[in-house]
Amino acid sequence: MATRCQILFQQERNWKNQETEETERRIEEVLTYKHWNGYPWNVVSLLREYFQWMPRHDLEHFTATWTYFVKRRKEKELETDPVEQKEVRSVRPVTCGVRICGSEHLHLDISHFYIVKLDEKTIEHYSVRDLENADHPEHFVSREPDQVYQLEVEEKADENTSAESTVQPAKERGEL
């Protein structure tokens, strides 16, 4: 069974209001869907790896190459796994299970929801519950995230410190 998730990429932008000629700050968003392995340990690790790999962190380039990155990673995994390679050989091209959605299209079968804030370099994780009452990503933004991760991982001097040590549950942040 697949553990599905959706990832909302966000970035603030300056926009010139055509009527008033004033500059306004707006948040642009692109919503994506990931069909397999949407658990935080996988998604956060994948996003961190992608953030290091992708040289441009503006919303358009970042989300446009997200599906490519996941697909190439899957192809590399298949190259090193002869059993899976044999099973998937007939299903070319390799599907990556990631796609871009309409900005308000919530899938009703997701278990996890993430908000990647490119300006803040954070990943907010929300466990999905009460999804039948959700009709827009704002449903998740209106409550505190279960955990907040740093998109950039600082190198630690202690080899025993895992990347997960940057996880900061809402309780520990004093927000619950």
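Okay, here's what the table says:
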item	result
Of all residues making up the range 50-64, the number that are more than 17 Å from L151 (Cα to Cα) and either surrounded by 16 or more Cβ atoms within 10 Å (Cβ to Cβ) or aliphatic (A, V, I, L, M) (or both)	1
Failed condition for R99, given (1) assigned to a loop (DSSP other than H, G, I, E, B); (2) under 21 Å from E28 (Cβ atoms); (3) modelled with pLDDT of 80 or more	(1)
Subset tally (residues that are surrounded by 13 or more Cβ atoms within 10 Å (Cβ to Cβ), closer than 24 Å to E104 by Cβ and not aromatic (F, W, Y)) for the range 20-39	8
Qualifying residue in the range 113-120 (condition: open to solvent by 40 Å² or more (accessible area, probe 1.4 Å) and at pLDDT below 85)	no
Filter result for D109 (of a type in the set (D, E, K, R), modelled with pLDDT under 85 and closer than 12 Å to Y33 by Cα)	yes
Pairs where the first residue, in the range 11-25, is in contact (Cβ under 8 Å) with a residue 12 or more places away in the chain and the second is open to solvent by less than 70 Å² (accessible area, probe 1.4 Å), C-beta under 6 Å, 6+ apart	Q11/E28; Q11/L59; Q11/L118; R13/E28
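The values are calculated or read from the model by the stated rules, or taken from the named source; none is laboratory data. Since the model is a prediction, treat every value here as computed from it, not as a measurement. Counting neighbours? That spans all protein chains shown, and the Cβs are built from the backbone with ideal geometry, glycine included. For accessibility, only protein heavy atoms count, side chains too; no ligands or nucleic acids. Shrake-Rupley method; radii C 1.70, N 1.55, O 1.52, S 1.80 Å.
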